[in-house]
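Presented below is the structure to which this report refers.
Every number in this text was worked out from the coordinates using simple rules, so none of it is lab data. Source: prediction; values computed, not measured. Glycine also receives a Cβ, built like all others from the backbone with ideal geometry; neighbour counts cover every protein chain displayed.
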Amino acid sequence: MIASTRSPLMWLVHLTVAALVILWTIPTAGLLISSLRDKDQLASSGWWTALSSSTQSTVFRAPGAEAQVEKDGRFVISGNILQGQGGKISAFGFNSRDPGAFEAGTSTTLPGNETLTVAEDGAFEISSPTAMEGNRGQRIFYTVAVPPRFTLDNYREVLRAEGLAASFINSLTVAIPATIIPILIAAFAAYALAWMPFPGRALLAAVIVGLLVVPLQMSLIPLLKMYNTVGGLLGVPGKGYVGVWLAHTGFGLPLAIYLLRNYMAGLPREIIESARVDGASDFEIFVKIILPLSFPALASFAIFQFLWTWNDLLVAMVFLGTGNDELVLTGRLVNLLGSRGGNWEILTASAFITIIVPLFVFFALQRFLVRGLLAGSVKGG
Amino acid sequence: MQQLFAAIVTMALGVLACAAYFYLSNLLLDRIFPSKNRSGPEASRNLRIAGAIRPWLFLGPALIALGLFLVYPVFGTLWYSLHDRNGTTFVGLENFRWLFQDGEFRQSIFNNFLWLLVVPALSTFFGLIIAAMTDRIAWGGFAKTLIFMPMAISFVGASVIWKFIYDYRGEGSEQIGLLNALVVYFGGEPQAWISLPFWNNFFLMAILIWIQTGFAMVILSAALRGIPEETVEAAVIDGANGFQIFFKIMIPQIWGTIAVVWTTITILVLKVFDIVLAMTNGQWQSQVLANLMFSWMFRGSDNGRGAAIALVIMVLVIPIIYWNIRNARREMGGR
């Protein structure tokens, strides 16, 4: 459009965009890759090294003298240092001051005159011409190159032990009704605002635009008090799913009405007027003509509301509670950040479980999301 | 599972009840004021009355919900802010007096202003340049999708993602956080980024910028495409170069949209809470108003102080509410 496609400037554009895309995707990629790594590897090396084998230096204690067998006149203790796990040993030693003194595959003489051999695959042998004594086995220090290991264990762990599965269901329970209820209520209100003449219509529309940006924080304290009072009167707890659904409905309505009103107001007048002439009532016009035609706007809002309710932390924490059974995914994740702060295998897997549904919705329905965004921001002059 | 089932049943009931309300209330209205098969004057009288009532049937549930969840709480919060921690004794402006001499509140105001300065500006800036550049390359759509993606991620999820990037291990041990690994690679000293007073604010802001740039990009990209071709062509004929066209022809035509993006992100910044709660919970001088309000309301269980902080947030938003209404009225007037 501006610079011609052949201009050297275009290379700069390609490169800059590529750099920005990488910058924007790397954080999420790191999370996903880390969540699939073996937890020891995750804790000892950066996720960008996930494909190369990592070297670990550690120690193994051989069995004590009771494990020795007599073979060809020598007493032998043997086994495998790696205990069945994969890896390749590069060096070993018997003293903590020089843990990598000897190359794998060679033999050395221990202070007690035994011979120690460690092979690359982890097989070791301690042998002595006389019977060995003592219950404490020989310590063998070794450096091992562990091949990259990918696993779903982290996910199994968090779903089972950390309560992510229950929270997942809680999140669904919150998000689905909290998406559908406001759409119904808003659609009728939007139709009235767009197509039914009544005194005060313009004022009402302006009030709704104003309510679009009233901070959620304003509502929390009075609503919580009100819930507790109503709950007390009805003999039920003040916190619960119904309360969360209604709260999300109230907070989502301004945007829903605004989006739908603008969309419906743009529908051709002739369709509605010819239906009126044919004797259709407003209710019939709404259900049979307006609703089907407004599908794109309804879908846009539904996606917004679903993402917002699924990703919400504040409303769920305040109106549903923070008990172990009540936590939605976001709340659970905040708790894990506190209690399992350093356990990145738990945190990365949990975080990925919380974002997988919104990401799926995003990639599947991006078109509607973009359309909704464009319609939803109050346009400037 | 049982719970999900209960949710689905409740949802079906709610949807049915809602549909039934609208259907039955309309039916009832038509029964009370029938217009079909009636004599001329009576029919037109009934039609007029029903026409005056029907909008309110349609609007009813929405008005009740808006009133209960948004309008009443504004006054409720005002009332609580003038009362003590339990909302029983009237204390006048005591909560505000306390607020303005509280160190943590001042810290929050300072940090909030930092956020307000940095986040909308950088998000809009990145959004604008990405929109301008991706519109000109073949794989721009793909690039936009990837940059837009963080928009779908919750603030808490994003906080975990970035906390992992900022992860810090003591000097000498292998860094598994990307930022510290880069710092070490280039010969620097690793830092515990999120506990560095003052600077940690910027590391928290990066998260919101990462999320909001996609939003700015989408809106501004549409605005750039809406610029009339002729204006650009005329500039090309007059011999303007790419930068001149972008800054002198295109930007002035989308000022309105830039302002909208800016204010939308500004409002979001004022309400930002999840990121601070998840990353630092206000420690190391990174407190912001929304999190301070939450901590007084929830952990401090002091409704008076919580409400006072909420009001401060509200006051900061009011100019934007005014500006929005003015714009929207001008726009709706056109229909």
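Here is the list for the range B:147-242: chymotrypsin sites (Phe, Trp or Tyr not before Pro) lying in DSSP coil, each with at most 10 other C-beta atoms within 10 angstrom of its C-beta, are B:Phe186. Could you tell me whether the protein assembly as shown comes out rounded, prolate or oblate from its Cα gyration tensor? Rule is a ≥ b ≥ c as square roots of the eigenvalues, rounded for a/c under 1.5, then prolate if a/b exceeds b/c, otherwise oblate. Note, shape of the protein assembly as shown comes out prolate. On a C-alpha basis, how far is the centre of the range A:355-371 from the centre of the range B:291-335 in Å? Whole number, if you could? Their Cα centres are 29 Å away from one another.
Just to confirm my numbers, what's the Cα centroid distance between the range A:86-164 and the range B:153-225 in Å? If you average the Cα positions of each part, the centres end up 38 Å apart.
Taken along its principal axes, the alpha carbon cloud of chain A reaches lengths of 111, 73, 35 Å, longest axis first. Of all aspartates and glutamates in the structure, the ones whose alpha carbon falls short of 16 Å from that of B:Lys271, not counting any fewer than 8 places away in one chain, are A:Asp312.
To the nearest ten degrees, helix B:303-333 and the longest principal axis of the Cα atoms of chain B are 70 degrees apart.
Once the Cα atoms of helix B:255-271 and of chain B are each reduced to a long axis, what angle between those two axes, in degrees from 0 to 90 to the nearest 10, is obtained? For helix B:255-271, the angle is close to 80 degrees. Listed by chain and number, the lysines whose alpha-carbon sits under 30 Å from that of A:Lys39, ignoring those within fewer than 8 places in the same chain, are A:Lys88, B:Lys163. Max-minus-min Cα coordinates of the range A:54-146 on each principal axis give 39, 27, 22 Å, with the largest extent listed first. To test your reading of the geometry: what angle, between 0 and 90 degrees and rounded to tens, separates the Cα axis of helix A:329-339 from the longest principal axis of chain A? Approximately 40 degrees, to the nearest ten. Loop-located chymotrypsin sites (Phe, Trp or Tyr not before Pro) across the range B:240-313 with a Cβ neighbour count of 16 or fewer within 10 Å are lacking, with loop assigned by DSSP. Look at the stretch A:359-372: the mean tally of other chain Cβ atoms within 10 Å of its residues' Cβ atoms is 3.
Along chain A, the longest continuous region that contains none of the trypsin sites (Lys or Arg not before Pro) in a DSSP loop with at most 14 other C-beta atoms within 10 Å is A:137-381. Pull up the cross-link candidates among the aspartates and glutamates for B:Lys144, meaning alpha carbon to alpha carbon under 16 Å and not fewer than 8 places away within one chain. Correct list for B:Lys144: B:Asp135. Calculated mean residue ellipticity at 222 nm for chain B: -23000 deg cm²/dmol, from DSSP H runs with n ≥ 4 weighted as -39500 (n - 2.57), summed, divided by the residue count and rounded to 500.
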